[in-house]
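Since the structure comes first, as structure tokens, the remarks are kept for the end.
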Amino acid sequence: MRPVLVLVPVALLTLAGIPAQWLAVKLNLDARRWIPVLYHRAVLALVGVRVRVSGAPAPERPLLILANHVSWLDICVLGSRFPLCFVAKSEVAGWPGIGLLARLQRTIFVDRQARAATGRVSETIAARLGAGDPVVLFAEGTSSDGNRVLPFRSALVGAARPSTDGAPAAIQPLAIAYVAQGGVSLGRARRPLVAWYGDMDLAPHLMEILRRGGVEVELCFGAPILGADRKAATGRAEASVRAMMSEALNPRPV
């Protein structure tokens with residue numbers, strides 16, 4: 001019964017939030033940034049996800065966040081912290097229901113198969129950054145099993161350009177680590193139960209998360225990277241995320 005008890009209020013919350021967010025986006029109201037934050041916080045509370053944060057988002061703007069990617073839960077976890085925008089593959093825009101929610105969150109869609117599209121997407125990201133919106137880029141280009149960090153791609157990192165007043169753009173590494181469920185440490189063998197990757201179907205994975213609940217995740221913000229070129233910044237961000245992931249998944253005894 002737990003999935004039903006969670007899905008019903010989530011559905012009602014979603015139906016109430018869609019017109020409010022649509023209007024805020026249409027009228028370019030500042031609420032368009034905060035409605036998703038409140039929505040994601042409510043969803044996490046209903047699903048049973050607890051977020052622990054180490055570090056903090058950099059105060060610099062423009063701000064491009066380079067993160068690893070583990071699960072569909074990442075969107076709610078990050079979206080519940082502060083106003084931001086995501087970069088997602090173009091296929092997400094066509095997913096029933098989810099595509100609508102992604103567009104209302106002002107997600108930037110990229111066709112990873114079309115090289116010519118990279119320049120257009122970079123311009124869109126740069127414009128969003130210039131408007132003061134932090135942008136999250138899942139730099140691996142796909143999701144992993146949660147036990148490792150895949151190589152970061154640098155193609156879109158060049159969108160992080162200095163602001164109009166000449167201030168350097170900040171690139172901040174962010175590690176997402178799922179550490180426990182139901183009060184029990186996940187460990188290497190059980191962590192893929194929370195991760196959503198490969199050819200997993202979304203519906204069964206979603207129902208299993210709803211049935212179990214009690215997910216604990218750590219967000220680790222690294223030191224911002226300023227003034228580095230695209231490839232150097234990507235390499236430094238990847239190394240930082242790997243180090244933070246290792247610490248979060250294998251904490252040293254106090």
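See the values below:
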{"item": "Mean Cα-pair separation over length for the chain, i.e. relative contact order, pairs under 8 Å, 6 or more apart, %", "result": "26 percent"}
{"item": "Of all accessible heavy-atom area on the chain, the percent that carbon and sulfur account for (1.4 Å)", "result": "60 percent"}
{"item": "Largest to smallest accessible area among 208, 247 [probe 1.4 Å]", "result": "247, 208"}
{"item": "The stretch 136-189, relative contact order in percent, only Cα pairs under 8 angstrom and at least six apart counted", "result": "22 percent"}
{"item": "Separation of the residue 211 and residue 232 label points, Cα + 7 Å toward Cβ, nm", "result": "5.1 nm"}
{"item": "Kyte-Doolittle at least 0.0, axis length at least 27 Å by Cα - qualifying DSSP helices, the chain", "result": "2-26"}
{"item": "Part-to-part distance (alpha-carbon centres) for the stretch 1-75 and the stretch 160-225, which is given in Å", "result": "14 Å"}
{"item": "Label selected from (i) 159; (ii) 129; (iii) 146, the criterion being volume of the Cα convex hull per residue in Å³ as computed here", "result": "(ii)"}
{"item": "For peptides 68-76, 216-224, 97-105, 156-164, sequence by mean Cβ density within 10 Å, most packed first", "result": "68-76, 216-224, 156-164, 97-105"}
{"item": "Under-5 Å amide H pairs with residue 87, H placed in peptide plane, nonlocal only", "result": "108, 136, 138"}
{"item": "Three-way shape label, the stretch 1-121, alpha-carbon gyration tensor, a/c 1.5", "result": "rounded"}
{"item": "Heavy-atom surface of the chain, accessible at 1.4 Å and reported per residue (Å²)", "result": "48 Å²"}
{"item": "Pair residue 54, residue 37: separation of 7 Å Cα→Cβ label points (nm)", "result": "2.4 nm"}
{"item": "Length-normalised contact order of the stretch 110-216 in % [C-alpha pairs under 8 Å, at least 6 apart]", "result": "25 percent"}
{"item": "Per-selection Kirkwood Rh - the stretch 7-69 (Cα, Å, 1 d.p.)", "result": "14.0 Å"}
{"item": "Expected 222 nm ellipticity per residue - DSSP helices of 4 or more, -39500 (n - 2.57), all of the chain, to 500", "result": "-13500 deg cm²/dmol"}
{"item": "Projected area averaged over orientations for the stretch 104-254, convex hull of C-alpha atoms, nm²", "result": "11.1 nm²"}
{"item": "Global geometry of the stretch 89-155, whether rounded, prolate or oblate, following the gyration tensor of its Cα atoms and the 1.5 cut on a/c", "result": "rounded"}
{"item": "Residues whose placed amide H lies under 5 Å from that of residue 53, excluding near-sequence neighbours", "result": "219"}
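The values are calculated or read from the model by the stated rules, or taken from the named source; none is laboratory data. This is a predicted model, so every value here is computed, not measured. Positions of Cβ are generated from backbone atoms using ideal geometry, with glycine treated the same way; all protein chains shown enter the neighbour counts. Heavy atoms of the whole protein, side chains included, go into the accessibility calculation; ligands, DNA and RNA do not. Shrake-Rupley method; radii C 1.70, N 1.55, O 1.52, S 1.80 Å.
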